[in-house]
Structure formats: C-alpha cells, structure tokens
1. Quick check on S244: is it in contact with a His (Cβ under 7 Å, 6 or more places away or on another chain) and of a type in the set (S, T, Y)?
2. Residues that are touching a helix residue (DSSP H, G or I) at 6+ places or on another chain (Cβ under 7 Å) and within 18 Å of I131 (Cα to Cα): does the range 288-306 have at least one?
3. For the range 132-234, which fully contained strands (runs of 3 or more DSSP E) count at least 3 residues that are surrounded by 19 or more Cβ atoms within 10 Å (Cβ to Cβ) and not hydroxyl-bearing (S, T, Y)?
4. Could you list, in sequence order, all residues of the range 277-294 that are under 27 Å from I16 (Cβ atoms) and in a loop (DSSP other than H, G, I, E, B)?
5. Restricting attention to the range 89-116, and to residues there that are at pLDDT below 95 and assigned to a loop (DSSP other than H, G, I, E, B), which single residue is nearest to N290 (Cα to Cα)?
6. Going through the range 42-60 one residue at a time, which ones are crowded, with 20+ Cβ neighbours inside 10 Å and assigned to a helix (DSSP H, G or I)?
7. Looking at the range 238-282 only, could you name the residues that are buried (at least 20 other Cβ atoms within 10 Å of the Cβ), among the hydroxyl-bearing types (S, T, Y) and farther than 30 Å from P107 by Cα?
8. Restricting to the range 51-84, give me the number of residues that are closer than 30 Å to G219 by Cβ and either in contact with a strand residue (DSSP E or B) (Cβ under 9 Å, 6 or more places away or on another chain) or without any contact (Cβ under 8 Å) to a residue 12 or more places away in the chain (or both).
Amino acid sequence: MNKVMAANRGEIAIRIFRACTEMGIRTVAIYSHEDRFSLHRYKADEAYLIGKGKDPVAAYLDWESILELALARGVDTIHPGYGFLAENPQFARACQEKGIIFVGPSPEVMELVGDKVRARKLALDLGIPVIPGTPEPIDDPKEAVAFAREYGYPVIIKAAAGGGGRGMRVAWKEEELIKGLDMAQSEALKAFGDSRVFLEKYLIRPKHIEVQILGDQQGNLVHLFERDCSIQRRHQKLIEMAPSLNLDPFLKERLYDHALRIARAVDYVSAGTVEFLVDEESHYYFIEVNPRIQVEHTVTEVITGRDLVQAQLRIARGESLKDIGILGQEAIKKSGYAIQCRVTTEDPTNNFLPDTGRIVAYRTAAGFGIRLDGGDGFVGARITPYYDPLLVKVTSWALNFKDAVAKMDRALREFRIRGVKTNIPFLLNVLEHPRFLEGKCDTTFVDTTPELFRFPERKDRGTKILTYLAHVSINGFPGIKEKPHFTVRDPQPPRVPATTSPPPGTRDLLEKMGAKKFVQWVKKQKPLLITDTTLRDAHQSLIATRVRTYDMLQAAPSIAHLLPGLFSLEMWGGATFDVAMRFLKEDPWERLIQLRERIPNILFQMLLRGANAVGYTNYPDNVVKTFIRESAQAGIDLFRIFDCFNWIEGMKVAIEEALKTGKLVEVALCYTGDVTDPK
C-alpha cells in the first residue's frame, strides 16, 4: 500500500489523509468543480478534478471516471469514506478487478448487508428480532398501502441502499405514504444511485443504538462497544455519545452478541456498524448494517483509544487484528464518556435551512478532552448549497458523562463563526436540557421538545465594534474635526513639479478645436488611442469601497504630468455614485470638481446608462437632461452612453442632450461573444 485515494470530500477525506500520513502513505484527493477551493484537496499530496460537466453530486458518484483516474495516477488503494460510493458493491468489485485495494468489506458482503432488505432476512434467519417490514423492495403504492393497513400507521419508508437518513420518510396516514414513497425513491436515487425502498412499522419513541464492529481477513472479529445516536432530526444524527447512558448492561451484551453473530455469518472484514432500535420496554430490533466507517466513529475512537481508519487501512493490506494490537475481545477496553456534536451551517431559527456564503471569521475551540474533525472551516471558505452542510465535528471526552457535557458546552461557546449561520445555539440547548443530561432522550426528542428552538438574540458585539472603529478611523465622524491619529504608510506617487503646468493633452485640444473638428482629428489618428478606466473601475475591483477621493487626489498631479498622451480618463459613472454615496459617504460631484482642478489637460469621460443615467431605473427625460448638463459643466468632456439591450430609443435622449452641451459622445455596444471570430 503506497498511494491511497479518498473517493470522497470534506471532513472524511481529510480524516483519511491524516491517517495515511501517519502511516507514511502518499495520498490522492479528488474534487468537483464546485469543490475547487475546498480544504480537502489541499490536504493531500496530489489532487485531481473529477466530474467535468456533471452536477456537483454526480461528480463523486461517477465511479468509472474515478477508477480510471486512480489507475492513471498509480493509486493502489481507494478508501470510500462514508456516503457517495462507500456502499456501492459495483465500485468495490471494479476496484478488485483492476487490482486496486478497496478499503471495506467485499462486494459480496456489501450486496448482502448493505441491502437493507437482504440484511433483514439474514437477521431473521439468525433469530435476531426485526421490526415488521416488507420482505422485498416495493415501488407500487398499492403494495405500500396494503402493508400499512395490515400493520397500522405510522410506517417508515427506507432506502434499500445507503444510509445517513437519506431516502427516509415517516407516514402517519395514507396520503403521506403515497407522497413520501415517490420522494424517498427520488432522494435515494440521487444520493446512492439506487431508487429501491422498503417499508417498516415505525416505532414511536425508540433509542437508536449502534454497535461498532471490526473484522480482519483471517476471520477474527471484535466489537468496540456501542454508541447512542438518538439525538436526530429528520433521521439525521446530530449528537452521538459513547457509551450509552441508562442502557441495561445485560441488554448491551445481547446487542454486542447479535452484532457479532451477523458479522460472523457473512465473514465481515473491515469496520462496520450494526444498528438497533430499543423501545421503552427494552425490546430491541435489528434495523441495518452500515458496511463502512460512520460519521460518528470518533466517539468510539476516543473511549477505546483505537484508530478505526488506520485499522481499516491495515486490515485492507492484509494485517490481522493481532498485528494491530488486538489479541481478542478482551483487548478492547473503554474509558470514560465521549460526545460528538456536528456543527453545521444550518439555521435552527429557520427550520434548519442550510446557509451559504463566505466565512469571514472562524475561531475554534481547543483544550484537554476536545477533538476537532474539520471540513471547510476556515476564514475565506465559501459554503455552497451543493453538499452536506457539515462544517466540523466536535468530540469531547471525560471520565464521566457530566464532565464530558461540560467540556462540549465550553468548547461550543468558544467557537466564533461569522459569515454563515450555524446550529451551535441549538446544540447548546440540547446539551443543557435535563432529559439529555439524564440520558433519557429518544429519537423523537428533538421533534417533541419546542424549547430547544428558543434562542437568545446573538449580539455579535465584537464584529460590530470593529466595523464601527474601522469606519470612524478612515472616514471620521460628524462633529469631530480631527480624525483619529494612526500610523499608515502613505503611498508615494512619482514626484512632479508643483509649480509647472502639466503638458498639453486631449482636453486642451478639444477646447481649441471644438467637438466636431476634434472628432475629425480622432478619425485621422493612426496610433491606438488609449482610455484609462482606473479611477472608475477601481470601484469594481476587490478594493471596491476603499478608494477614496482623498486617495485619487494624491495621484492626480502625477497622472496629469506623466500621462498626457492618454486619450481620456474614464473616472465617473454608476459605480462611482454607488460606492461614494453608499459606502464612503462622499459627494461624487465634489470628486469630479477636485479631480478636474488637478488634471486639467486630459479628457474626462463618464459611463452613462442611457435612460438610467447612473442609477438602476428609468428616470424622466428632464432628470436625465439636467444631469447631463450639470455633469458637462462640472468637468465631463466625453459621455460614453450605452443600453444593456442596445435599445437606441433608450439612449436617444441622453445622446441628443450630451451633443447640445458641446461635448463628445461615444455610443457603446453591449455584446457577448468572441469579437475576433469572423463567423
């Protein structure tokens, strides 16, 4: 095993790369076009674009292209992570056929236990209780309705392939069942490339308990205790803990035994999870096997001290459990309690709607007992709507549950994330709720506890104060004559004679010749005539709101003396008015007048939006005419007039009025395409 590709993205890809790096293995990342700035591509030794021309999710499901890339780049091992291709037996089999190690169970095992319908049959054959459900996948609404009538509502629709809460719908009546069947099939197809679904009787208030298993290629199997994943919303896990609180020790042993029986029955290899539901009377039911690493594997790693991802890699290259230090079940010890919170870019005040945007501040927690598994959490990161909104997984550990909660509470409060909304206020409410602290939560806890959605108003005082201080420092404050003193290196424009007039330029020529003769002169010129747009276009660059009149005036004498050969300076337009009035609190007319005084020799031109002038709506003709006359009087020599639809009628009033002022007029054509293409 020399080069490992993570056929995934985000947090789990980074987790795989870190495990490989510690083992001295070279790493390869893949990324979609939408992920080109994502952090995971920079954490690998090599990174390659995939899925060109495909949608953001399809790029990571295109296993043929991924495998082709792996072969071309000398990859000998592929780790699928979780989600996407992690439970795709076709991909695992194709890897084997091409001589590439697939980190996970065999394709045959994935087909058996990864298919939830077949896994239910296996459990029944082994005498393990299962929830009543359809024996085969269904797609006929009549079959679904018949099942629900036999066993009663509510029922749950589940994707036959994959997990993570996708392709799941709970139906409390027939109308919801018919509608939910179609939605679950569509969601399953998009998430896993497999639209098959099945039905189960829905338990009302169960706990969701899962057992971590680990097997090698020599037939050895162990469990690494259980995790409680009952804190869920819409079947998506939010907070996980290990071990479970208030679960009878005898019941735990039964779950461990059943998990290992299922794993032995299929000769399970690698890490996997066997999941159960436990009702209020401590009756338990097998629900599924996840033949992959889980999002919440961190809590198991923390309480056992075992690196599950490295264990997967070492088993995949042929090592036994004994080789990695596990001589038997007795070698697996647990210590203390661990809690994992998934910090996501979701807005809990708006029905957990995923938020998007740019992270402008990102400060994380640290300290003893805190572990972070991050994805795209960094200043400047752009959060897109295309993928799971997971930002970072926070895992806390302590010798007792109460202290683990206290550490998690403290850690979440240390986070400072600005630019996008997060679910941290919601997570804090859960951690502080008495039912959570007592370990009495079930899978309905979030949906039946409205107080979890009552949040204090967040002040964001620090950002507001810094913004205010920066504004006052640069622009001053009404009533204060002197601006605050601070040391900033002043720009040093080229030195020019202060007492000498600048060389003659195009404006001198215009005043001497008049507009008509000047136009004739322009047409006769052989050299290229150049217009400099810096004084306007600076406002459409990354320094949009920082170029003040003050800054322009410092450079103006140098422009006048050193660039007299310019045809014109485009220094006014809609962008000028927008920035000067909205951000800089300056008068654009004062800017024009002052620059005209310092640059008397070069044509000043402006960009005029036809009937919109410098605004974003059509103005009455008399407003446009008056604006043009005032502009010409203040110093504009050339009006460059356009209409985004090239509608001549929309430009006519402005053109005619500008000509009346005795100034110059240019008409700009709006065009999209390659102007050099003769076709």
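1. In short, no.
2. Yes - at least one qualifying residue is present in the range 288-306.
3. The strands (runs of 3 or more DSSP E) meeting that bar are 155-159, 197-201, 207-215, 221-233.
4. Residues satisfying the conditions are P291, R292, I293, Q294.
5. Across the range 89-116, the extreme among qualifying residues is G114.
6. Matches in the range 42-60: A59, Y60.
7. Once the filter is applied, which keeps residues that are buried (at least 20 other Cβ atoms within 10 Å of the Cβ), among the hydroxyl-bearing types (S, T, Y) and farther than 30 Å from P107 by Cα, the range 238-282 yields only S244.
8. Total meeting the criteria: 10.
The values are calculated or read from the model by the stated rules, or taken from the named source; none is laboratory data. Just so it is clear, the structure is predicted and the values come from calculations on it, not from any experiment. For neighbour counting, all protein chains shown are included, and Cβ atoms are generated from backbone atoms with ideal geometry for every residue, glycine included.
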